[in-house]
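A short reminder: the numbers here are calculations on the coordinates, not readings from a lab. Worth saying up front: this structure is predicted, and the values here are computed from it rather than measured. Cβ sites come from the backbone with ideal geometry, for glycine too, and all protein chains shown count toward neighbours.
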Amino acid sequence: MTRVALYCRVSTPDQHLENQLFQLRELAAKRGYEIVREYTDKGISGAKARRPGLDALMADARRRKFDLVFVAAFDRIARSTRHFLQVLDELESFGVEFASAREAIDTSGPMGRLFLTLIGSISALERDILRDRVRQGISRRRLMGLPVGRQPLAVDRDAIVSARLGGGSLTDVAKRYGVSRASVVRWVREAKQTSPALPTSVQPIHEIREEVAA
């Protein structure tokens, strides 16, 4: 029976690894694979070559703890073609195969290797084209005299500071003005630093803890 290691990655903390794991477990069972371990990275971009889960997977691959690395899609391993092929080369040198569920291909033969290389190159090309379009859009906005990037939040900081120092709770003030609690804390601190004579309100201990946590 083929010993399989599952690898899953999501780019942001609010995404769910379970979706990928469920799919891979189901496919592994249908193909008669024996899952020996699952490696995961959560909230980490595929552009980063060093990741705790991926590093652990490569270390165990070197020790031949499994025969095949199974992923939901090959971009879970890497975003750049260079890094992707580097990982494949290392796995091959360890005698470990690679398979992707979405692309329905593996590296058990020369055709699988060819398809992986081609698809990786196409994905890299698509990202380069998208990056160029974004840069062109930014250049066009600059030439037109339009603002570029995230615009500053249009809020009345003085009113927020006054509301907070007037006795409003951290949570209530943040909700009332549609800002984060951390922003309220920061603006109040800045106001106190520039105007030490500003009045201070007596805060319940739980609100002081809220500020520390923020």
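Data overview
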quantity: Listed residue (F70, G166, V4) projecting farthest to the positive dipole end of the chain, Cβ model; calculated: G166
quantity: Whole-Å distance, taken between Cα centres, linking segment 85-145 and segment 6-61; calculated: 18 Å
quantity: Net charge of neighbours whose Cβ lies under 13 Å from the Cβ of G53, counting Lys and Arg as +1 and Asp and Glu as -1; calculated: +3
quantity: Stretch gain in nm, segment A59-T12, where the contour uses 0.36 nm per residue and the Cα spacing is subtracted; calculated: 14.5 nm
quantity: Difference of contour (0.36 nm per residue) and Cα-Cα distance, D158 to T117; calculated: 9.1 nm
quantity: Size of electric dipole in the chain: Cβ of Lys, Arg +1 and of Asp, Glu -1, about Cα centre, debye, nearest 20; calculated: 560 debye
quantity: Fully extended contour minus Cα-Cα distance, from A73 to L146, at 0.36 nm per residue; calculated: 22.4 nm
quantity: Convex hull per residue volume in Å³, alpha carbons only, for segment 3-124; calculated: 91 Å³
quantity: Residue-count net charge about R25 - beta-carbon cut-off 13 Å; Lys, Arg +1, Asp, Glu -1; calculated: -1
quantity: Selection from Y177, L118, S80, by position along the positive dipole direction of the chain (Cβ); calculated: Y177
quantity: Expected 222 nm ellipticity per residue - DSSP helices of 4 or more, -39500 (n - 2.57), all of the chain, to 500; calculated: -17000 deg cm²/dmol
quantity: Value of relative contact order over segment 3-124, rounded to a whole percent, pairs C-alpha under 8 Å and six or more apart; calculated: 26 percent
quantity: Which labelled figure in (1) 1.04; (2) 1.19; (3) 1.00 is Rg/Rh (Cα atoms, Kirkwood Rh), once derived from the coordinates; calculated: (2)
quantity: Bridge type composition, the chain - antiparallel percent by DSSP, nearest 5; calculated: 10 percent
